[in-house]
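**Q** What follows is a single structure, and I will ask about it in a moment.
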Amino acid sequence: MLALLLLVSAFSAARGVPCGPRIDPTTPEDASTFTSQLTGATLTLDWSDEFTSDDMTPIDLCKWVVMQGDGSNYCNPGWGNGESQFYVPDAVFLMEDNLYLEAKRVAPFTPCLATPDQVCTPPCTSMYEYTSGKVYTDADLAFKYGRAEARVLLPFFQGAWAGFWAMPATYPAEGVYGTWPLSGEIDIMEHINFAGFVQSNIHWLDRGGKKSAMSANTFTSETFGTAYHTYAVERSSSGRMLFSVDGIPFASPTWPPVDPTKPISPYDQPFVILLNLAMGGSFPGFPDPRSFDGGSQRMLVDYDAGQA
């Protein structure tokens, strides 16, 4: 099962919640506090989603936004990476106490997406033969300092690009410091194809302000495709960040400030959590249609949570 937990510092201000409890009632009691591996402080559970369900029920829309399209309606076709999938709501559902993000190969179709929040008029010429799922947390659940954690079972097939990451709380609009990557991106976990490693990265604009830059940190395992693993990031107000897998810290990246007057910018702002299963693109390469001969491919999330 895949779970996402968010832990934030006890000093964070209380926020209103759109509906329902912030903390999933089925979250184990021993998950209510956590000793930070970054600062040693006691973090308190701020929100959680255990994705508890025994059938194909919808995700909690009080906590999550389900994305649709190929990015064209946000002026970002292919989601900026040349990806092959078209995100559809039907690819996001709860089953067997997991969040399922399901990728399918379908009969080629030409979508023409029209949504109330669209920014650009999407093209109606691109053909798609893959659909998949992508969600991000409601801005009310954005976290600034603390810990975000998820337990995930990864898919293994050519063209898979699974992500557990974070973007500015204004997502999908640009952040406080401007368009990507000025306002930052935190890749808590990225995995492609059949790789025996995951990557955890952060993105920024280089000091010359002319091109994007990133840290690239890897953690290896032979069981990413056969067993659940817990991925986490911690952020502190002192400008430190720590990535871990199954409680094992493996990277603490640094970055130059995007605003010289704000030493830890752009990572001094709240971020929302994203979970998605992309297909193809610049990182994994083209999907292999034979991967779908036996049916769909899935990324499973057992829980997601935040602590502060």
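The values are calculated or read from the model by the stated rules, or taken from the named source; none is laboratory data. Predicted, not measured: the structure shown is a model, and the values here were computed from it. Because the Cβ atoms are built from the backbone with ideal geometry, glycine has one as well, and the counts that use them run over all protein chains shown.
**Q** Between residues in the stretch 149-176 that are buried (at least 20 other Cβ atoms within 10 Å of the Cβ) and residues that are of a type in the set (A, V, I, L, M) and assigned to a loop (DSSP other than H, G, I, E, B), which pairs lie under 6 Å by C-beta distance while being six or more apart or on different chains?
**A** Hits for this filter: 162/154; 169/142.
**Q** Separate question: Could you please give the count of residues in the stretch 58-83 that are out of contact with any Lys or Arg (no Cβ under 7 Å at 6 or more places or on another chain), under 28 Å from residue 96 (Cα atoms) and assigned to a loop (DSSP other than H, G, I, E, B)?
**A** Residues flagged as out of contact with any Lys or Arg (no Cβ under 7 Å at 6 or more places or on another chain), under 28 Å from residue 96 (Cα atoms) and assigned to a loop (DSSP other than H, G, I, E, B) within the stretch 58-83 amount to 7.
**Q** Can you name the residue in the stretch 218-258 that is in contact with an Asp or Glu (Cβ under 9 Å, 6 or more places away or on another chain), assigned to a strand (DSSP E or B) and of a type in the set (Gly, Ala, Ser) and is also surrounded by the fewest Cβ atoms within 10 Å (Cβ to Cβ) among such residues?
**A** Looking at the filtered set, the residue picked out is 244.
**Q** State all residues of the stretch 179-207 that are in a loop (DSSP other than H, G, I, E, B), more than 17 Å from the chain's Cα centre (by Cα) and at negative phi; if no residue qualifies, say none.
**A** Within the stretch 179-207, 179, 182, 194, 195, 196, 206, 207 qualify.
**Q** Follow-up. Among the residues of the stretch 38-57, is there at least one that is at pLDDT below 90, over 18 Å from residue 136 (Cβ atoms), over 18 Å from the mean Cα position of the chain (by Cα) and assigned to a strand (DSSP E or B)?
**A** yes
**Q** Can you spot a residue in the stretch 208-217 that is surrounded by 19 or more Cβ atoms within 10 Å (Cβ to Cβ) and either of a type outside the set (Val, Ile, Thr) or more than 19 Å from the chain's Cα centre (by Cα) (or both)?
**A** Checked the stretch 208-217: no residue is surrounded by 19 or more Cβ atoms within 10 Å (Cβ to Cβ) and either of a type outside the set (Val, Ile, Thr) or more than 19 Å from the chain's Cα centre (by Cα) (or both).
**Q** Then there's this: If you take the residues of the stretch 291-308 that are crowded, with 24+ Cβ neighbours inside 10 Å, at pLDDT below 95 and in contact with a Phe, Trp or Tyr (Cβ under 7 Å, 6 or more places away or on another chain), which of them is nearest to residue 93 (Cα to Cα)?
**A** 303
**Q** So which of 101, 94 is farther than 18 Å from residue 156 by Cα, in a strand (DSSP E or B), within 19 Å of the chain's Cα centre (by Cα) and not acidic (Asp, Glu)?
**A** Result of the check over 101, 94: 94.
**Q** If you scan the stretch 259-296, which residues turn out to be within 19 Å of the chain's Cα centre (by Cα), closer than 28 Å to residue 37 by Cα and part of a loop (DSSP other than H, G, I, E, B)?
**A** If the condition is that a residue be within 19 Å of the chain's Cα centre (by Cα), closer than 28 Å to residue 37 by Cα and part of a loop (DSSP other than H, G, I, E, B), then 266, 267, 268, 269, 270 are the ones that fit.
**Q** Of all residues in the stretch 243-289 being closer than 23 Å to residue 183 by Cα and among the charged types (D, E, K, R), which is modelled with the lowest pLDDT?
**A** 259
**Q** Has the stretch 119-129 got any residue that is buried (at least 20 other Cβ atoms within 10 Å of the Cβ), more than 18 Å from the chain's Cα centre (by Cα) and modelled with pLDDT under 95?
**A** yes
**Q** Is the stretch 175-194 home to any residue that is at pLDDT below 95, under 22 Å from residue 69 (Cα atoms) and of a type outside the set (S, T, N, Q)?
**A** Looking for residues that are at pLDDT below 95, under 22 Å from residue 69 (Cα atoms) and of a type outside the set (S, T, N, Q), one finds at least one in the stretch 175-194, hence yes.
**Q** Restricting the stretch 63-77 to residues that are touching a residue at least 60 places away in the same chain (Cβ under 8 Å) and under 17 Å from the mean Cα position of the chain (by Cα), which is surrounded by the fewest Cβ atoms within 10 Å (Cβ to Cβ)?
**A** So, considering only residues that are touching a residue at least 60 places away in the same chain (Cβ under 8 Å) and under 17 Å from the mean Cα position of the chain (by Cα), the one surrounded by the fewest Cβ atoms within 10 Å (Cβ to Cβ) is 65.
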